[in-house]
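Here is the structure we will look at.
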Amino acid sequence: MKNAKLRIGLIAMASLGMMWGSSATFAAELRCIAGGQKVECPTITEAEAKAADKAFEKEASDFAAGKGGSTYGIKPFDYLTGVGKAADYNKVTHTTDSGYSSSAGSAHTELWNRVKDPAKGQAVYDQWVNNFSPTFGKSLVEGADPNQGKMWYYSYCIACHGWTMHGDGPNAVDLNPRPRTLTRGVYMQKKTNLELFNVIKGGGESVQLSSCMPSWGNVLQDQDIWNVIAFVRGMQDVSPPKTLAEYLNPKSTFKPIKGDVDALNASKSQDFADMNELLESDMPGRGGDIVGSGYVLGGGRDAPKEVAKEVKYKE
């Protein structure tokens with residue numbers, strides 16, 4: 001892609017962004033594009049957002065008081081935080097202690113009680129996540145690891161999209177438009193990996209949608225984004241869990257889209273290269289040569305070819 005052509009595209013996108021971004025109300029009425037068609041973007045209702053906000057307030061209060069249990073009644077798992085809180089259960093009073101109160105003494109939570117021997121090698125980076133969340137044995141995005149993606153999602157995405165991707169994070173009530181429900185199969189099955197990559201790396205404005213979705217291109221490297229996409233694909237049509245077993249064993253309905261770009265073949269895709277060049281050309285801190293498409297080994301991050309060897313691809 002020539003630089004002049006790239007600049008023209010950026011100017012056009014900026015102009016559109018100014019028009020659309022001038023009105024939060026209008027932005028809320030924008031409809032997404034999936035499979036080349038305009039579709040209703042799935043979000044929770046205002047009532048659901050307010051209910052989630054109140055539940056988070058209760059959760060914070062319970063933590064401060066050292067209470068165990070779960071806001072949604074799933075013991076010892078808590079839907080809002082994903083962390084099992086019940087360190088001690090009193091069979092006489094039927095009460096639990098989260099481990100955070102002074103009466104617990106040890107300040108060890110139920111999560112702590114699940115930790116056995118430290119994981120070996122790079123796996124130690126994911127141990128804190130995998131102690132209280134689903135573990136995926138297969139990937140729906142070749143060359144991407146949903147378990148690694150889960151770690152990045154928990155670090156950066158739950159505040160808006162919610163712990164299990166239903167758009168009910170603590171920030172959802174204050175956003176207009178509200179975060180997408182990333183589990184809705186009727187919508188997500190039409191979204192290509194390339195589209196998901198674009199909006200995660202470049203933010204909502206990169207696809208003429210709301211700036212409420214920030215750009216993560218200077219936080220996550222490309223392989224991290226592919227891993228997040230693999231985690232999202234693994235949660236399609238997964239309902240909010242009613243039991244701990246349901247939470248730990250999600251069953252996705254996603255079917256890989258024929259001909260779609262993935263982590264393993266992205267380096268050979270001209271569409272991916274053009275999109276990446278456009279996204280990175282104006283990112284703060286990039287300057288000069290474009291290097292964001294690479295990755296840094298270690299810390300649990302592997303190259304796509306290595307991931308493909310380690311995590312089986314499920315077609």
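The values are calculated or read from the model by the stated rules, or taken from the named source; none is laboratory data. This is a predicted model, so every value here is computed, not measured. Counting neighbours? That spans all protein chains shown, and the Cβs are built from the backbone with ideal geometry, glycine included.
Within segment 233-246, if we keep just the residues that are small (Gly, Ala, Ser) and modelled with pLDDT of 90 or more, the residue that is surrounded by the most Cβ atoms within 10 Å (Cβ to Cβ) turns out to be 234. Among the residues of segment 211-228, just one is crowded, with 24+ Cβ neighbours inside 10 Å and within 20 Å of residue 166 (Cβ to Cβ), namely 228.
Restricting segment 180-205 to residues that are in contact with a Ser or Thr (Cβ under 7 Å, 6 or more places away or on another chain) and over 23 Å from residue 147 (Cβ atoms) leaves a set whose member that is surrounded by the most Cβ atoms within 10 Å (Cβ to Cβ) is 202. Could you check segment 149-162 and list, in sequence order, the residues that are of a type outside the set (Phe, Trp, Tyr) and either modelled with pLDDT of 90 or more or assigned to a loop (DSSP other than H, G, I, E, B) (or both)? Within segment 149-162, 149, 150, 157, 160, 161, 162 meet the criteria.
Scanning segment 252-283 for residues that are within 15 Å of residue 139 (Cβ to Cβ) and either out of contact with any helix residue (DSSP H, G or I) (no Cβ under 7 Å at 6 or more places or on another chain) or at pLDDT below 90 (or both) yields 255, 256, 257, 265. In segment 198-214, which residues are under 14 Å from the mean Cα position of the chain (by Cα) and either of a type in the set (Ser, Thr, Tyr) or over 15 Å from residue 33 (Cβ atoms) (or both)? Listed by number, the residues that qualify are 200, 201, 203, 214.
Evaluate the following for residue 249: is it over 23 Å from residue 159 (Cβ atoms) and buried (at least 16 other Cβ atoms within 10 Å of the Cβ)?
Numbers: over 23 Å from residue 159 (Cβ atoms): yes; buried (at least 16 other Cβ atoms within 10 Å of the Cβ): no.
Criteria not met by residue 249.
The set of residues in segment 287-315 being acidic (Asp, Glu) and modelled with pLDDT of 55 or more consists of 302, 306, 310, 315.
In the set (1) at pLDDT 95 or above; (2) of a type in the set (A, V, I, L, M); (3) more than 23 Å from residue 189 (Cα to Cα), residue 230 fails one condition alone, (3).
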